[in-house]
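Chemist: I have a structure here, written as structure tokens, and I will follow up with some questions on it.
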Amino acid sequence: MNISEVIIYTDGACSGNPGPGGWGALLRHNGKEKELSGGEAHTTNNRMEMMAVIEAIRAIKKPCLLKIHSDSALIINAMTKGWIESWQAKGWKKADKKPVENQDLWLELLEVIGAHQVEWIKVKGHSGIPDNERVDQLAVQAAKQFM
């Protein structure tokens, strides 16, 4: 069976932390592109980073190989270094015994990636990577509607 590949770039932005925030995502599949964005009046940067990934994956209707590019070290490390499994095993507590922030979104993320194969790719933010700059602009624009 030939599984489709979807390239995804995501980013979040927040004016103040917390404050008005936005997220942006770019999906690329078979030569077609789709941009997504949204935001909230009172949120944090990490929540917007996570919402970008969640909403991008939600837009995909069948199981695919997802190549998710993010400049969020938190998301990349949680998903590739075993952090999320450790948090779950410890009852959603971090190594310092404090509760994991944004547990609701981590659970949502785990749910939406369920049917997919996912490759997590860390990109350096604000370093001139065109697609990363593009999703940053989407996120900033989305946040502005709440200012």
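Bear in mind these aren't lab numbers, they're just calculated from the coordinates by the rules spelled out. Quick caveat, the model's predicted, so the values are computed rather than measured. Please note: Cβ atoms are built from the backbone with ideal geometry, for glycine as well, and neighbour counts cover all protein chains shown.
Chemist: Tell me the mean residue ellipticity at 222 nm calculated for the chain from its helices only (DSSP H runs of n ≥ 4, each -39500 (n - 2.57), averaged over every residue, nearest 500).
Modeler: -11500 deg cm²/dmol
Chemist: Short version: ³J(HN,Hα) in whole Hz for each residue of segment 72-87, in order, from phi by Karplus 6.51 cos²θ - 1.76 cosθ + 1.60 (θ = phi - 60°), x for Gly and Pro, what are they?
Modeler: 8, 4, 4, 5, 4, 5, 4, 8, 10, 10, x, 4, 5, 5, 5, 4
Chemist: Here's a follow-up. In whole Hz, with x marking every Gly and Pro, tabulate ³J(HN,Hα) for segment 114-119 from phi via Karplus 6.51 cos²θ - 1.76 cosθ + 1.60, θ = phi - 60°.
Modeler: Result, ordered by residue: x, 8, 9, 8, 10, 10 Hz.
Chemist: A follow-up question, please. Counting DSSP beta bridges with both partners in the chain, what percentage is antiparallel, nearest 5? Can you show the working numbers first?
Modeler: On the way: 19 of 31 bridges.
Of all bridge pairs located within the chain, approximately 60 percent are antiparallel.
Chemist: Looking at the chain as a GNM with Cα springs under 10 Å, which of Ile54, Ile121, Ile68 has the largest mean-square fluctuation?
Modeler: Highest fluctuation among the options: Ile121.
Chemist: Could you quote the convex hull projected area for the chain, Cα atoms only and averaged over all directions, in nm²?
Modeler: On the way: hull surface 36.7 nm².
Directional mean of the projected Cα hull area for the chain stands at 9.2 nm².
Chemist: Over the chain, what is the relative contact order in percent, taking alpha-carbon pairs closer than 8 angstrom and at least six residues apart?
Modeler: 36 percent.
Chemist: Let me ask you something else. Along the positive direction of the dipole of the chain (beta-carbon charges: Lys, Arg +1; Asp, Glu -1; about the Cα centre), which of Ser127, Gly114, Thr44 reaches farthest?
Modeler: Gly114
Chemist: Related question: Please identify the chymotrypsin sites (Phe, Trp or Tyr not before Pro) of segment 41-147 that satisfy two criteria: DSSP loop assignment and at most 16 other Cβ atoms within 10 Å. Which are they?
Modeler: Qualifying residues, ordered by number: Trp92, Phe146.
Chemist: Considering amide H positions built from the backbone, and no H for Pro or chain starts, which residues 5 or more places from Glu119, or on another chain, come under 5 Å of its amide H?
Modeler: Hits under the 5 Å cutoff: Leu66, Lys67, Ile68.
Chemist: Tell me which lysines have Cα within less than 24 Å of Lys98's Cα, excluding those fewer than 8 residues away on the same chain?
Modeler: Counting by Cα, and skipping residues close in sequence, Lys98 has these lysines nearby: Lys81, Lys90.
Chemist: Springs between alpha-carbon atoms under 10 Å, Gaussian network over the chain: tell me which of Asp131, Asp11, Asp96 tops the mean-square fluctuations.
Modeler: Among Asp131, Asp11, Asp96, the largest GNM mean-square fluctuation belongs to Asp96.
Chemist: Could you compute the longest span of the chain free of trypsin sites (Lys or Arg not before Pro) located in DSSP loops and having at most 16 other Cβ atoms within 10 Å, not counting the site residues?
Modeler: 1-60
Chemist: Which distance in Å, rounded to a whole number, links the C-alpha centroids of segment 111-147 and segment 80-110?
Modeler: Value for the Cα centre distance between the two parts: 21 Å.
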